[in-house]
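Here's the structure, in structure tokens; my notes come after.
The values are calculated or read from the model by the stated rules, or taken from the named source; none is laboratory data. Treat the numbers as computed from the prediction; the structure is a model and nothing was measured. Please note: Cβ atoms are built from the backbone with ideal geometry, for glycine as well, and neighbour counts cover all protein chains shown.
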């Protein structure tokens, strides 16, 4: 399979939106935690991770740029989204592909992983402060059969992920030469 790319013209739209990615792990897959931590580094943490840094901050090409990992009982999606000036559509798309190549070829640093792990462990108590957060956590335990002690084990599960795990997972799910790319705009 090769990259599949489609553009959808929308009359009157002044911004072009990009979504590019591939399939991702199921929530119960062994590599879900390493994919989640890696995604945080790729396009979530700080000012939208590496993707936001390269496309928005360094190049000034995007209004927003981030990655997302959606996992459920079946395979999910691992994708990058960006909003750009239509004149920068090709350049932004190429920069994102280059960053994905760097991510799967070079991996992440120990410092990036440690920061991401600290973020995941540190935000867990915050996610359980509201009734909605507790209800959502209980729903996840049931929906994904995580076990009643999942959130007690969570910090250890997060800290057990290695730099090598993140790289192996990235290489399993992200092939920069075989992406689905959808764009919409003028």
From 38, 72, grab the single residue that is closer than 21 Å to residue 162 by Cα, in contact with a helix residue (DSSP H, G or I) (Cβ under 9 Å, 6 or more places away or on another chain) and either buried (at least 21 other Cβ atoms within 10 Å of the Cβ) or in contact (Cβ under 8 Å) with a residue 12 or more places away in the chain (or both).
38
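For residue 106, are the conditions met, namely being surrounded by fewer than 13 Cβ atoms within 10 Å (Cβ to Cβ), out of contact with any helix residue (DSSP H, G or I) (no Cβ under 7 Å at 6 or more places or on another chain) and at pLDDT below 95? Before the answer, list the steps.
Numbers: surrounded by fewer than 13 Cβ atoms within 10 Å (Cβ to Cβ): yes; out of contact with any helix residue (DSSP H, G or I) (no Cβ under 7 Å at 6 or more places or on another chain): yes; at pLDDT below 95: no.
Taking the combined requirement at face value, the residue does not satisfy it.
Are any residues in the stretch 156-173 under 17 Å from the mean Cα position of the chain (by Cα), surrounded by 14 or more Cβ atoms within 10 Å (Cβ to Cβ) and either part of a loop (DSSP other than H, G, I, E, B) or touching a residue at least 60 places away in the same chain (Cβ under 8 Å) (or both), and if so, which ones? Steps first, answer last, please.
Of the residues in the stretch 156-173, the ones under 17 Å from the mean Cα position of the chain (by Cα) are 158, 161, 163, 165-173.
Narrowing further to those that are surrounded by 14 or more Cβ atoms within 10 Å (Cβ to Cβ): 158, 161, 163, 165-170, 172-173.
Result: 158, 161, 165, 166, 167, 168, 169, 170, 172, 173.
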Of the numbered conditions (1) surrounded by fewer than 18 Cβ atoms within 10 Å (Cβ to Cβ); (2) within 17 Å of the chain's Cα centre (by Cα); (3) within 30 Å of residue 12 (Cα to Cα), residue 54 satisfies every one except a single condition; which is it?
(1)
Any pair with Cβ under 9 angstrom, 6 or more apart, that starts in the stretch 124-150 at a residue that is over 19 Å from residue 72 (Cβ atoms) and ends at one that is part of a loop (DSSP other than H, G, I, E, B)
134/128
Selection count, the stretch 75-95, where residues are over 21 Å from residue 30 (Cα atoms) and in contact with a helix residue (DSSP H, G or I) (Cβ under 6 Å, 6 or more places away or on another chain)
5
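Given the condition outside any helix (DSSP H, G or I), more than 17 Å from the chain's Cα centre (by Cα) and touching a residue at least 12 places away in the same chain (Cβ under 8 Å), answer yes or no: does some residue in the stretch 100-118 qualify?
Our first condition is that a residue be outside any helix (DSSP H, G or I); within the stretch 100-118, this holds for 107-109.
Filter again for more than 17 Å from the chain's Cα centre (by Cα), leaving none.
Scanning the stretch 100-118, I find no residue that is outside any helix (DSSP H, G or I), more than 17 Å from the chain's Cα centre (by Cα) and touching a residue at least 12 places away in the same chain (Cβ under 8 Å), so the answer is no.
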Conditions (1) touching a strand residue (DSSP E or B) at 6+ places or on another chain (Cβ under 6 Å); (2) within 19 Å of residue 117 (Cα to Cα); (3) without any contact (Cβ under 8 Å) to a residue 40 or more places away in the chain; number of the one not met by residue 49:
(1)
Residue 179 fails exactly one of (1) exposed (fewer than 15 other Cβ atoms within 10 Å of the Cβ); (2) closer than 16 Å to residue 100 by Cβ, namely (1)
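Let me confirm something: among 133, 122, which residue is in contact with a helix residue (DSSP H, G or I) (Cβ under 7 Å, 6 or more places away or on another chain), surrounded by fewer than 17 Cβ atoms within 10 Å (Cβ to Cβ) and over 20 Å from residue 31 (Cβ atoms)?
One residue alone meets the criteria, 133.
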Keeping to the stretch 5-46, report how many residues are within 16 Å of residue 119 (Cβ to Cβ) and out of contact with any strand residue (DSSP E or B) (no Cβ under 8 Å at 6 or more places or on another chain).
8
Go through the residues of the stretch 148-155 one by one and say whether even a single one is closer than 26 Å to residue 23 by Cβ and assigned to a helix (DSSP H, G or I).
yes
